[in-house]
Amino acid sequence: MNALGQRILSAALVVAFASLYQWRGGKAALFLSIMAFLMFAGGLLLHWFRPRRINIRRKMHASRIEAGERVRVLVELEFECRIPLLWIVLCENTPAGVHRKLIFPGTRRQFTYQYECSGLRRGVYRWNTGRLYWGDIFGWNTLSAETTGDTPLIVVPQATAWGTGDSVESAAMIEGTLSERRNSQANRSPEFREYQPGDPLGRVHWKSTAKTGRLQTFLPETTDLASLGIFVYEAASGYDVKQAEIMDSPAFERVVCAAARWIHTAERDDIPYHLWMEGGNESYAAQDHWQQGPFHVDDENHGLDKLAGARISKAQSVSISLCTEMLDRLASGSQIVVLTGKLDQALAEWIMSAMGLGYRVEVQLTEATQLRSTDRLMNGLEYDSLSVEQLRHSGVSIHSVTDHALSSMGKAEVTDVGA
């Protein structure tokens, strides 16, 4: 029942018991009339002199945490009220659920308490609007006011180093690739190599071809600074999911986890990187993460922040013309890691386009339905014009990371801390 309904009911009881006393008299009717009047008057006082200027401040040790990590929230409540209050209940809609705090304020107007949120999955969260309740001793009159929320919290995917529980092949793969990137300055590769299908004829090295008797091509020009591109594929055609499963796909979570580990390793070794996330008609604003020295505190988790909000798009495939624009600011010859559940035609065409522009591409597949043998990864899948064999012959390395186990976050919950 709302506040207006409570006041109408209280007024009706006052009139009923007063009429009963006038009609029959007696102490019982008088007592009931007085109690009904006091209940009605108390409700009016609680309404007229209700708490005003309610101010809630939430403080956390960090506005960014890793998935599964606990976050302690310090709440400071302050309000103005002209009359003493017997009790108040502050209900907050936290990312982990509703938290209720019962306080007996009396004449106090400032309060501080703490609680913890745990079991949060990756994502971008905000505290929703809550309510502050107060009333009389018996709860006959209960009123409430809306409280502000909008406190942000970013839960990034776990981005730790490759551990003993991970795939040995995957761990060696990421470390080997970045080790090659780290040593690219010290160990310069030859200026030419054997011709591969898809290489432009304009890069043919005729002098070396005449000496060796085999067609040779120039290597793409590279910058002195090693670089890494990370492409998280979000199109629905890259995953075996139904519409109802888009928000909870193990294959996509493996993609996000793998991207976070690439970022973690790149930051650890001070390797500049660029993270792309593309899901069909929805594209993210181009935001670079290039670092040439120690990482700044404000930018340290920029890539992980983007991964926190990653999701499978409802669109079936990417726009090739849009995706190739990603490469405009990436130096030719850089390493690109493509992370997806499975390859589709649009993504395969994009990979071939990147290879034609002089980039080195590596593909990691996380779809559990894919066969792990690299010779049979795409068995049963059809393409209109491209095949995995063509990608391999063009120098694309394809790996499966389906054996990476996802850590269990448990149920999200909020618990009190202290008294």
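The values are calculated or read from the model by the stated rules, or taken from the named source; none is laboratory data. All values derive from a computational prediction rather than experimental measurement. Methodologically, a virtual Cβ is constructed for each residue, glycine included, from the backbone with ideal geometry; neighbour enumeration extends over all protein chains shown. Accessible surface areas use protein heavy atoms only, side chains included; no ligands, DNA or RNA. Shrake-Rupley method; radii C 1.70, N 1.55, O 1.52, S 1.80 Å.
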Sorted by chain and then number, the residues having a modelled amide H within less than 5 Å of the amide H of TRP127, at least 5 places away or on another chain, are ASP150, THR151
The range 63-80 versus the range 1-62: alpha-carbon centroid distance in Å
36
Average silhouette area of the range 61-128, convex hull of alpha-carbon atoms, in square nanometres:
4.9
Point-to-point label distance, PHE49-ALA412, nm (Cα→Cβ direction, 7 Å offset):
4.1
List, in order, the whole-Hz ³J(HN,Hα) value for each residue of the range 389-401 obtained from phi through the Karplus relation with A = 6.51, B = -1.76, C = 1.60 and θ = phi - 60°; use x for Gly and Pro.
4, 5, 5, 5, 5, 8, x, 7, 8, 10, 10, 10, 10
Dipole of the range 1-81, Cα-centred, from +1 at each Lys and Arg C-beta and -1 at each Asp and Glu C-beta, to the nearest 20 debye?
60
Using amide H atoms built in the peptide plane, which far-off residues or other-chain residues are under 5 Å from THR142 H to H?
none
On a 1.4 Å probe surface of the protein chains, which of GLU76, GLU362, GLU389 comes out largest in accessible area, and what is the full order?
GLU389, GLU76, GLU362
Unsatisfied cross-links (Cα-Cα over 20 Å) in the set LYS59/LYS306; LYS242/LYS411; LYS242/LYS314
LYS59/LYS306; LYS242/LYS411
If I model a spin label at ALA62 and LEU86 as a point 7 Å from the Cα along the Cα→Cβ vector, what separation in nanometres do I get?
4.6
Across the range 98-103, in residue order, what do the Karplus-derived ³J(HN,Hα) couplings come to in whole Hz, using 6.51 cos²θ - 1.76 cosθ + 1.60 with θ = phi - 60° and x for Gly and Pro?
8, 10, 10, 10, 8, 10
Each residue of the range 128-141 in order: what ³J(HN,Hα) in whole Hz does its phi give by Karplus 6.51 cos²θ - 1.76 cosθ + 1.60, θ = phi - 60°, with x for Gly and Pro?
7, 5, x, 9, 10, 9, 8, x, 8, 5, 9, x, 5, 10
